[in-house]
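Since the structure comes first, as structure tokens, the remarks are kept for the end.
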Amino acid sequence: MKKKTIVGVIVAVIILAVFTGCIGEDKETEEEKEVIQLIVEQSYPKIEGEFSLPFNDECKQILESVGFEVVDEKATQYDYTLLVEVTGEPLGANYLTGGFLYTGAIIDGSFSLSGPNMEMTKSFHEEKPCPSFYTYFSKSSLPKKPSDAPFRYLHWKKHLFLLIYDGWGIEYIIKALEYEDTYVRDSAAEALGEIGPDAKNAIPTLIDLLQDREVYVRKSAANALGEIGPYANEAVPALITALEDEDSWVRVYTAEALGKIGDKDAVPALITALEDEDEYVRIEVVTALKKITGEDFGEDPSKWQQWWEENK
């Protein structure tokens, strides 16, 4: 009986230790999650009445995608404060078939981050000029009011990722590449393209994104790999596959990326891509071939193939 009691006590102690350890680990993980107080101030002087863009929600989503907890300006407990200041302006032009339409937009802003041993500000300017022509598919969709200007097409989110990169490093941006929201993944990949060769640790995840379900994400991933340059040599097989993507703009950015990486293994696939139905793809394929080989045979596949057979 005494022996069984001792064994029972030992088992109970082990179970308690394991259970306590798990709880402690959860608490530690929760305590380690840094908290950012988010304050957004935005103004649109040329738009009458109440108007705002979803900067608060979208900044919160980006911060959460890289692992931060976000609180509002009323909070009293936080590690950092992020002040977002934005001024927007609608741009308009006269069109023969639609009159004066707001087909462009400008955003000027800044992200100011403050906290323990950290003070930094990143300013940004994003502009979508008014196009010289405008195509209408629905009369009800014409942007006739200043508030209808295409602010949503301005790529400001990448600038917040660049601020995060400056403060915490590339691993935080890599986290966002796997986030569920399309625009978060796309903006994170855009930021990596801006970072360039220093983003080389993101290469494996960017390779995976070449098969993302969303076109914009695939395009931004290809562009980022190209901006990383020769360091992204391991991405060449995946980029060769992406030369057959169903979307022509993905193929354009893929050809451009292969040219910037400069690996000769891509030459046969690029020669095949000279037969692409899209003119812009073919133009970028020729540019890539010229960069890789130092030769120029235009869009003639037979001449490129002959050169390759003699020089591979």
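The values are calculated or read from the model by the stated rules, or taken from the named source; none is laboratory data. If you're wondering where the values come from, they're calculated on a predicted model, not measured in any experiment. For neighbour counting, all protein chains shown are included, and Cβ atoms are generated from backbone atoms with ideal geometry for every residue, glycine included. All accessible areas refer to the heavy atoms of the entire protein, side chains included, with ligands and DNA or RNA removed. Shrake-Rupley method; radii C 1.70, N 1.55, O 1.52, S 1.80 Å.
Going from most exposed to least, what order do Tyr179, Tyr153 have by accessible area with a 1.4 Å probe?
The most accessible residue leads, giving Tyr153, Tyr179.
Going through the cross-link list Lys33/Lys74; Lys200/Lys312; Lys46/Lys74; Lys122/Lys291, which pairs have a Cα-Cα distance over 24 Å in this structure?
Checking Cα-Cα distances, Lys200/Lys312; Lys46/Lys74; Lys122/Lys291 exceed 24 Å.
With angles folded into 0 to 90 degrees, how steeply does helix 55-65 sit against the dominant principal axis of the chain? Use alpha carbons for both and round to 10.
Between helix and principal axis, roughly 70 degrees.
So what does Val286 come to for accessible area, using a 1.4 Å probe and Å² rounded to 10?
Taking all protein chains as shown, Val286 has close to 20 Å².
Using a 10 angstrom cutoff on alpha carbons, build the Gaussian network for the chain and name the most mobile of Ser114, Ser302, Ser43.
Among Ser114, Ser302, Ser43, the largest mean-square fluctuation in the Gaussian network model of the chain belongs to Ser302.
What number comes out for the charge environment of Ala269, summing +1 per Lys or Arg and -1 per Asp or Glu over other residues with Cβ under 12 Å away?
-3
Give me the 1.4 Å probe accessible area per residue for the chain, excluding ligands and nucleic acids, in Å². All intermediate terms of the calculation are to be shown ahead of the outcome.
Working: 17460 Å² over 312 residues.
Accessible area per residue, the chain: 56 Å².
Largest first and in whole Å, give the semi-axes of the range 143-215's equivalent ellipsoid, each being the square root of 5 times a Cα gyration tensor eigenvalue.
Numbers: eigenvalues 130, 47, 18 Å².
Those come to 26, 15, 9 Å.
For the chain, take the longest principal axis of its alpha carbons; what is the angle in degrees between that and the long axis of helix 182-195, to the nearest 10 within 0 to 90?
With both axes taken from Cα atoms, the answer is about 70 degrees.
Angle between the Cα long axis of helix 248-261 and the longest principal axis of the chain, 0 to 90 degrees, nearest 10?
80
For Ser141 and Asp208, calculate 0.36 nm times their separation in residues minus their Cα-Cα distance, and state this gained length in nm to one decimal.
Extra length from Ser141 to Asp208 when fully extended: 20.5 nm.
Want the number for Trp249 to Asp166: 0.36 nm per residue separation, take away the alpha-carbon distance, what's left? Numbers along the way, then the final one.
Details: separation 83, 0.36 × 83 = 29.88 nm, distance 3.00 nm.
Full-extension gain reported as 26.9 nm.
From the protein chains alone at 1.4 Å, what is the descending order of accessible area for Ser141, Ser187, Ser248, largest first?
The ranking, largest first, comes out as Ser141, Ser248, Ser187.
Computed over the Cα atoms of the range 53-161, what is the convex hull's projected area averaged over all directions, in nm²? Provide the component values of the computation, followed by the final result.
Working: hull surface 33.4 nm².
Mean projected area for the range 53-161: 8.3 nm², to one decimal.
Can you pull the one-decimal nm distance between simple spin-label points at Lys290 and Gln306, each 7 Å off the Cα toward Cβ?
If labels sit at Lys290 and Gln306, their model points lie 2.0 nm apart.
When DSSP beta bridges are limited to those with both residues in the chain, what percentage is antiparallel, rounded to the nearest 5? Show your work: numbers first, answer last.
Details: 25 of 36 bridges.
Percent antiparallel among DSSP bridges in the chain is about 70.
Tabulate in residue order the Karplus-calculated ³J(HN,Hα) for the range 116-130, using 6.51 cos²θ - 1.76 cosθ + 1.60 with θ = phi - 60°, rounded to whole Hz; enter x for Gly and Pro.
Values per residue, Gly and Pro as x: x, 6, 8, 9, 8, 9, 10, 8, 8, 9, 10, 9, 10, x, 5 Hz.
Could you list, bin by bin from short to long, the percent of Cα-Cα pairs of the range 186-312 in 5 Å steps?
2, 13, 24, 23, 19, 10, 6, 2, 0
For the range 33-48 and the range 225-289, what is the separation of their Cα centres, given in Å?
Answer, in whole Å: 40.
Per residue, how much space in cubic angstrom lies within the convex hull of the C-alpha atoms of the chain? It would help to have the intermediate numbers written out before the result.
Numbers: hull volume 72.0 nm³, N = 312.
Cα-based convex hull of the chain, divided per residue, equals 231 Å³.
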